[in-house]
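Undergrad: One structure coming up, written as C-alpha cells, with questions to follow.
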Amino acid sequence: MALLDSIQNIGTLAISAVVLYFATHAIYNLYFHPLSQHPGPLLNAISPLPRLYLNINGREPQTVLEWHLKYGPIVRMAPNELSFITPAWKDIYGFKRPELNKDWTMYALSENTKRSILLAGADHGRQRKMLAPAFSERALKLQQGMLTTYTGMMVERLEERMKENKSVDMAKVFNCVTFDTIADLMFGKPLGLCENMEYSDWLSQLFVSIWLAGASRALQYFPLLFRLATMMIPKHIQDSIDSSYQNTVDKVNKRLEMETERPDMLGLMLSHKEEGAEMTMDELYANADLLMIAGTETTATSLCGLTWHLLNNKRVLEKLTKEIRGAFKSIDDITMESLPRLPYLSACLEEGMRMFPAVPEGIRRITPATGANISGHFIPANVKVSIPHYAAYHHPSNFTSPRTFCPERWLQTSHPDYDPKFAADKKEVLQPFSVGPRNCIGLTLAYHEMRLITANLLWHFDVELAEEANKDWLNQTSHLVWDKGPLAVNILPRGSVVV
Ligand code: HEM
C-alpha cells in the first residue's frame, strides 16, 4: 500500500512538474518574450504546434490572411515567428550585411537537392554566378526557338481537342508545356509530354514527392522525429525518389556528351568563363533537378490562376483577346520581343499572380545575431520572419477591392483604361518572385513563357469554362505550392465567345 502511495505521489509530482513547466513557459511566451507585444492568436503565442498544424492542413495562405485581417499588419504566428504584410521586402529579403538567412526547416527537400542553389549557404554566390548567364535576356533570345516549339505543340494539341469537341484540362496542358520546355533547355531533349499532353510516370511521381515534401515540413521542427520519419519512408517511395534523381543525373550526362553549340542552359553555363563561376558535378546535377521543379510547376500554376480568372471575367477576357488579336497581323509577329509591348497583357499577368501567387506562403528568414529593423520595428536575433504572398496580396491595406480581379490597377496612369480607384494600391507589395540576392533567377524566362503561352492560346482560340469544371477551383489547399486540381476548359474556334 505504502509502495502504491509513493508511486502515486511520484506520478502526481511528475505531472505537476510537467504542468508547471508548460504553464511557466506559456506565461513567459505570453508576457515576457521579446515578441510578446506583437498580436496574434493566443495559442500561437504559447506553442509552435498550431502554426505547424497549418503546414499539414494546407490552409496556411487563407488562415494567415484571416489573422492579418484580425490582428493587423504584423502577426505573431508562433512564439518565435512574425508575419509581415507591409512592404518590408528589402528589410527581410534584400541585399544586406548581414543577410537574413533562410529557415532551412521550410524546405523538406532531398539530400541531393540540398546541394543546389536554393539551399546553398556560403556557396550561393558562386552557384548563382554560374547559373546567371543561362537566364540573361540575351540567353533567352537565343532560346526563343525552343520556347516556341512547345507553344506550337500546345496549339496543335488544342486544335485536335477542339475538333473532337472535348474539354481540355489546362492545368495538365500548362504543366506539359513548361516541363518539356525546361527539359529541352536543361537536357537538350524534351520529356515528350507535349506529344499527347499526358503526364509520364516520372512526372506523376514528382508531383507526389512535391506534395510529400510540403506536407512533411512540420516534422523538421522536431529533428529526432524527422530523422525517425525519414528512416521509415517505405522502400518503394525511397526507391522512386532515388530513381527520379538518377534519371536527372543520366539526362545531364547525356547532354554533356552531345557535341553541340546549342545555346541551352547547360551550354551557356559551361561556356561561361568568369572568375568564381564554378560548380562541382554534384552541384550541377542538384541544380538540374531543382530547375525541373522550380522552373515548371510555378509557371504552370501562374498560368492556371490567370486562366481561371479570365474564364470568370468575360470583360477582361474580351479585352485581352482583342488586344492580342489587334496588335499583330500574323502569328509570326507574336514574339518575345513584341509581346512585352502589350500593356493589358502585362497588367493581366501581374493581376493573375496577385490573385493566385504560385508560392502562396511566406518564405521564412531568420534575423541575424544583431537583430534587424523590419518595417520600422527592431526585431531581435533568431526570430523567423516572412511576408506571406497570398495574405499580403489580398489585404485591403495594400490593395483596393483586393478580392476583385482587375488588371486595370496595373496600367500606367497615362493609359486610357487606367482606373484612379486603384491609385492608393501599394504596388511594391506584389513580389511573386521575391527580391534580393536569392530572388527567382528564372523571372525573365517565366514572364516570356507566360506571355507566349497566353498570347498563343488567345490568338488561336476562344475559351470558356467547361460544364464539368470545378466551380470552386480557387478554393485549394497548399503545401508550399498549391495542390491545384484539373482546370476543365472548352477550346472553341475564334469568334465563338469573343466577337
Ligand atoms: C511564375 C513563375 C515563378 C515564380 C512565381 C517563382 C518564384 C520564386 C520564388 C518566390 C523564389 C524564391 C525562393 C526562396 O527564397 O526560397 C524563387 C527562386 C528560384 N527560382 Fe523561381 N519562380 C518562377 C519561375 C522560375 C523559373 C522559370 C525558373 C528557372 C527555370 C526558376 C528558378 C528558380 C531558382 C533556381 C530559384 C533559386 C534562386 C536562388 O536561390 O538564388 N523559377 N522562385
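The values are calculated or read from the model by the stated rules, or taken from the named source; none is laboratory data. Because the structure is a prediction, the values reported are computed rather than measured. Don't worry about glycine lacking a Cβ; one is built from the backbone with ideal geometry, like all the others, and counts go over all protein chains shown. Calculation scope for accessible area: heavy atoms of the full protein, side chains included, ligands and nucleic acids excluded. Shrake-Rupley method; radii C 1.70, N 1.55, O 1.52, S 1.80 Å.
Undergrad: Look through the stretch 428-441, keep the residues that are more than 15 Å from T301 (Cβ to Cβ) and in contact with a Pro (Cβ under 6 Å, 6 or more places away or on another chain), and return whichever of them is farthest from the ligand (Cβ to nearest atom). Working first, answer last.
TA: So in the stretch 428-441, the residues more than 15 Å from T301 (Cβ to Cβ) come out as 428-431, 434-439, 441.
Checking which are in contact with a Pro (Cβ under 6 Å, 6 or more places away or on another chain) leaves us with 428-429.
Details: E428: 16, V429: 14 Å.
My answer is E428.
Undergrad: Here is a further query. Does the stretch 320-329 contain any residue that is under 26 Å from the mean Cα position of the chain (by Cα) and either away from the ligand (no atom under 16 Å from the Cβ) or surrounded by 21 or more Cβ atoms within 10 Å (Cβ to Cβ) (or both)? Give the steps one after another, and end with the answer.
TA: If we filter the stretch 320-329 for residues that are under 26 Å from the mean Cα position of the chain (by Cα), which is where we start, we get 320.
Adding the requirement that they be either away from the ligand (no atom under 16 Å from the Cβ) or surrounded by 21 or more Cβ atoms within 10 Å (Cβ to Cβ) (or both) leaves 320.
Yes - at least one qualifying residue is present in the stretch 320-329.
Undergrad: Can you pull out every residue in the stretch 166-192 that is surrounded by fewer than 24 Cβ atoms within 10 Å (Cβ to Cβ), more than 16 Å from T248 (Cβ to Cβ) and within 16 Å of the ligand (Cβ to nearest atom)?
TA: A171
Undergrad: Further, regarding this structure: For the stretch 390-404: of the residues being open to solvent by less than 10 Å² (accessible area, probe 1.4 Å) and free of Cβ contacts under 8 Å to residues at least 60 places away in the same chain, which is farthest from the ligand (Cβ to nearest atom)?
TA: F399
Undergrad: Quick check: anything in the stretch 314-337 closer than 28 Å to V208 by Cα and among the charged types (D, E, K, R)? Full working, then the answer.
TA: Step one: of the stretch 314-337, the residues closer than 28 Å to V208 by Cα are none.
No, because not a single residue in the stretch 314-337 is closer than 28 Å to V208 by Cα and among the charged types (D, E, K, R).
Undergrad: Still on this model: Which of the residues that make up the stretch 358-382 are open to solvent by less than 20 Å² (accessible area, probe 1.4 Å) and in a strand (DSSP E or B)?
TA: Within the stretch 358-382, G362, R365, A372, I374, I379 qualify.
Undergrad: So which residues in the stretch 110-127 are in a helix (DSSP H, G or I) and more than 12 Å from the ligand (Cβ to nearest atom)? Spell out the reasoning first.
TA: Pass one, the stretch 110-127, residues in a helix (DSSP H, G or I): 113-115, 124-127.
Hits for the stretch 110-127 are K114, R115.
Undergrad: Considering only the stretch 137-160, state which residues are within 12 Å of P263 (Cβ to Cβ) and free of Cβ contacts under 8 Å to residues at least 40 places away in the same chain.
TA: R138, G145
Undergrad: Would you point out the residue of the stretch 193-206, among those that are touching a residue at least 40 places away in the same chain (Cβ under 8 Å) and more than 25 Å from I491 (Cα to Cα), that is surrounded by the fewest Cβ atoms within 10 Å (Cβ to Cβ)? Give the derivation first.
TA: Taking the stretch 193-206 first, the residues touching a residue at least 40 places away in the same chain (Cβ under 8 Å) are 194-195, 197, 202, 206.
Then drop every residue that is not more than 25 Å from I491 (Cα to Cα), which leaves 202, 206.
Values: W202: 16, L206: 22.
Result: W202.
Undergrad: Further question: Select, from T444, T454, the only residue that is touching a Phe, Trp or Tyr at 6+ places or on another chain (Cβ under 8 Å), under 30 Å from P133 (Cβ atoms) and within 16 Å of the ligand (Cβ to nearest atom). Give the steps one after another, and end with the answer.
TA: Numbers: T454 fails: touching a Phe, Trp or Tyr at 6+ places or on another chain (Cβ under 8 Å).
One residue alone meets the criteria, T444.
Undergrad: Sticking with this one: Out of curiosity, is Q238 in contact with a helix residue (DSSP H, G or I) (Cβ under 6 Å, 6 or more places away or on another chain), open to solvent by 50 Å² or more (accessible area, probe 1.4 Å) and of a type in the set (S, T, N, Q)? Quick ask: steps written out before the conclusion?
TA: Details: in contact with a helix residue (DSSP H, G or I) (Cβ under 6 Å, 6 or more places away or on another chain): no; open to solvent by 50 Å² or more (accessible area, probe 1.4 Å): yes; of a type in the set (S, T, N, Q): yes.
The answer is no for Q238.
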